[in-house]
Amino acid sequence: MRENVLESILVDPTILDSANWWFDVSWYGLLIAGAMTALAAFATVMFLFVQFWSSGVRDRHTEWRTSVLELQTAEAKRDTAEAQERIAQLNNETARLRDASLANAQAGRANALAAGALRVTTERIALAQGLTTPTTTFSEAARSLSIIPKVNPFAGTRFDAIVTSSSIELGVLLGSLKAALNTAGWIEVNRSDEGMIKSSVGGASLITINVDTNKDPKLSEAAETLVSALNEEGIAAVVIPKTDTDPTNANVIHIVIGPKP
């Protein structure tokens, strides 16, 4: 029978030692790497949990903050609406007071003009009854009524008249002069700038007659007669020829009453 003989493979002892050392190193390396991998996985799970928790807290805070801002915005809008409503009420109240003040002023002026007209009537009645004679002590408004017979020949003449002052005396004169001309048959027409257009300065009057002499020679004669009649009554009046640029006021004598400069 043949015997089997096991022959050993020759290995360099140095290489064997190196292999054994690296085997040990790799083994510990695997253990360390496995431990680090496990630790990293645990840390990853922990960080995911922390992130989930912190994200929930942040979201709840954001929702609360948003709710607070929405509430504050709603309150601010309500306060703004209330303020605007209050401002509107104050504006309405201011407008009401202004209108009431204007109405009172207009009523006061109307009363003053009525009182002035009554005074003029009283003066004219006294003159008619022979209780007095026409003198310069008469108001200009009362004296203006004396021009009626002098301007009566120009009945049908169209005129407009305004006063450039808020003076009651001049306002009464305007009313008396218009009444005198209407009584004499003159025809009063309206003008666009009717009313008071300057200051409230009072005092003696100056009546300015503007007339376009190119329209009608009789218009110029009527204006000159009116001025002459007023001056004879001690009421200062002048004629200023003027080309009328408003076709709606053609053939109209324009009378402007204001205080003397």
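What follows draws every value from the coordinates through simple rules; no lab data is involved. This structure is a prediction, so every number in the text was calculated from the model and none was measured. Cβ atoms come from the backbone with ideal geometry, glycine included; neighbour counts cover every protein chain shown.
Could you calculate the FRET efficiency of A155 with K242 from 1/(1 + (r/R0)^6), where r is the beta carbon distance between them and R0 is 25 Å, rounded to 0.05?
On the way: r = 23 Å, r/R0 = 0.94.
Taking R0 as 25 Å, the efficiency between A155 and K242 is 0.60.
Could you work out how far apart the two model spin labels at L48 and N190 are, taking each label as a point 7 Å from the Cα in the direction of the beta carbon, and quote it in nm?
Output for this residue pair reads 9.1 nm.
Give the order of H61, H254 when sorted by the count of other beta carbons within 10 angstrom, beginning with the fewest.
H61, H254
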